[in-house]
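Step one of this worksheet: look at the structure below.
What follows is calculated from the coordinates using simple rules that are stated; it is not laboratory data. Computed from a prediction, not measured in an experiment: that's the story for all the values here. Please note: Cβ atoms are built from the backbone with ideal geometry, for glycine as well, and neighbour counts cover all protein chains shown.
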Amino acid sequence: MGESESNALGQVTVYSIQGCPHCVQAKSSLGRLGVPVCDVDLGKHPELRPRVKELTGRSTVPQIFFNSIHIGGNDDLQKLAPAELQNLVSLVREEALSASALPLPEKNQTEAIKGEADGEFTCERDELANLVEELKQSNVIDSHRRGLKLFKKSFSAAQLVGWLHTEKRMARDEACETGQALVRRKYVVVAFGSVKPQEGHFGDGKDRDILYRLTEHDPHSALNTGKTATCTPYQAAELSAILRDMVLKLFSEHLSADGKCVDYKSMSKSPVFEEYCELAVQLQRVELLSLSREEKLAFFINIYNALVIHGYLRLGPPTNMWQRYRFFNYVSYLIGGEVFTLQDIENGVLRGNRKGVAQILRPFSKTDPRLQVALPDAEPLIHFALNCGAMGCPPIKTYTPQDIDSQLRTAAESFLENDDGCVVDSGKKEVRLSQIFKWYKADFGGTDEKLLTWVLEHMSESPKKTSLQSVLSAGKPKVSYLPYDWSTNSTH
């Protein structure tokens with residue numbers, strides 16, 4: 001803190017969240033003014049969000065105050081005339097901030113929350129993990145032919161049961177039950193054939209033609225495979241929140257001072273990224289079928305957003321239409337024993353198994369086990385939670401099941417507040433919307449009228465909402481779509 005800073009009576013307060021590029025740019029600009037800047041992370045202090053919205057009339061971050069004077073977001077800060085900015089700086093230097101003017105976290109509360117956030121993931125080793133390690137070294141795993149196809153690193157139920165019986169000294173029934181447990185707990189998957197639990201027990205002779213292999217030997221390109229998840233399975237929603245927070249921390253640490261670029265190259269070499277990759281392996285064996293709707297929404301939104309960053313780090317950000325198509329259909333995680341691409345998560349799970357942009361078929365067929373995880377219907381609000389490229393971000397970046405619906409509504413409000421989400425031209429009776437509304441029009445009602453009604457219902461009270469109401473009341477509004485900015489924020 002410089003001399004002029006320490007002598008200032010007031011302060012600049014910035015309400016922000018971790019991983020928000022516009023917040024980083026605002027704080028960088030404010031840091032050069034020589035006055036105290038108090039950064040309040042609404043991600044760590046969600047209890048302050050309603051009061052900040054009440055004071056500002058906005059759902060986005062950053063929100064910036066010079067003492068108790070609200071100037072708006074980063075865009076508003078950058079547009080301030082030099083003389084106006086100087087007057088605000090003088091105000092902060094000469095006048096104290098009233099104790100009750102702004103909602104601020106208490107000091108001891110800040111420390112408590114910081115301690116919680118810094119808590120590390122603890123891995124409790126699963127009881128079957130050692131057995132799997134021994135199985136990997138055994139002669140049970142070999143190549144087997146079925147018809148003309150060769151299945152490498154595979155084995156039959158009879159071979160596994162035989163090994164457990166002779167080498168591990170298990171009774172036959174216990175060996176069959178252990179084999180079944182390895183399948184049930186996602187250590188082992190079917191490599192050839194199909195088996196239903198009601199058809200009999202593992203290794204009872206009815207599954208003679210079926211071949212199995214260890215999950216880590218399954219030949220797919222998911223980014224969290226190649227190792228066995230050895231921890232006792234974590235609660236899915238909890239694990240997704242830890243992963244998302246780690247990615248946001250990583251992202252924040254490699255964001256340029258102006259908030260415009262991310263150094264993905266140095267990010268991929270960070271020890272935090274290595275730790276993240278280790279933790280992502282644990283997704284292999286999470287339990288998905290027992291998740292409630294709210295848990296599914298929070299889990300898959302967090303995982304989608306984390307997986308996009310992981311994909312950027314491994315493959316680089318896509319730069320053209322073909323690369324984008326391949327990226328979203330290729331980048332994947334193995335979750336609960338099944339592979340989910342970005343496309344599968346968005347269109348298969350979160351949109352209730354609807355066709356995505358340029359898709360001929362639904363993501364999941366009627367016999368696809370992943371269909372059991374899909375939401376019963378599309379949830380339109382997810383479109384505003386999957387990443388954030390707008391001029392202001394929603395004050396939430398990691399979603400929790402507890403109040404997921406209000407969090408998603410906040411994300412939608414934030415998106416519609418921005419002019420790259422929605423522009424209302426009262427004179428021309430025209431509403432210009434993001435391409436997202438065009439691509440997924442079916443999710444918002446399917447017609448222009450239903451679409452605009454949906455938009456109106458999900459806007460926060462603002463002059464823009466009043467304008468939209470008057471355009472709709474006048475009748476026959478024109479709907480057009482804004483150009484979509486596909487540019488990436490990579491420094492390389």
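Mean projected area of the convex hull spanned by the Cα atoms of the stretch 123-242, taken over all viewing directions: 8.5 nm². Descending by average beta-carbon neighbour count within 10 Å, the peptides 67-79, 398-410 line up as 398-410, 67-79, the highest first.
Could you list T166, T60, T232 so that the one with the fewest beta carbons within 10 Å of its beta carbon is first and the one with the most is last?
Details: T166 10, T60 29, T232 15.
Lowest to highest Cβ neighbour count: T166, T232, T60.
A Stokes-Einstein calculation at 4 °C with viscosity 1.567 mPa s, built on the Kirkwood radius of the stretch 365-425 over Cα pairs, returns a diffusion coefficient of 98 µm²/s.
For the stretch 228-248 versus the stretch 406-481, the spacing of their alpha-carbon centroids is 36 Å.
Sorting R314, R58 from the fewest to the most surrounding beta carbons within 10 angstrom yields R314, R58. With contacts taken as Cα pairs under 8 Å at a separation of at least 6 residues, the stretch 3-114 carries a relative contact order of 35 percent. For the stretch 241-351, the calculated P(r), taken from all Cα-Cα distances in 10 Å bins from zero up to the bin holding the longest distance, is 13, 45, 33, 9, 0 percent.
Over the stretch 419-481, all Cα pairs binned in 10 Å intervals from 0 give whole-percent P(r) values of 23, 61, 16, listed from short to long. Taking every C-alpha pair closer than 8 Å and separated by at least 6 residues, the mean separation divided by the residue count of the chain gives a relative contact order of 15 percent. Going by neighbour counts of Cβ atoms within 10 Å, the residues R185, R244 line up, fewest first, as R185, R244. Centroid-to-centroid, using Cα positions, the stretch 263-311 and the stretch 16-62 are 26 Å apart.
Beyond 25 Å, what share of the Cα-Cα pairs of the stretch 3-114 is found? Please give it as a whole percent.
On the way: 1027 of 6216 pairs.
Within the stretch 3-114, distances greater than 25 Å cover 17 percent of Cα pairs.
Plugging the Kirkwood radius over Cα pairs into Stokes-Einstein for the stretch 339-481, at a temperature of 10 °C and a viscosity of 1.306 mPa s, what D comes out in µm²/s? All intermediate terms of the calculation are to be shown ahead of the outcome.
Numbers: Rh = 16.2 Å.
Answer, rounded: 98 µm²/s.
Pairs of Cα atoms nearer than 8 Å and 6+ residues apart set the relative contact order; for the stretch 179-329 it is 24 percent.
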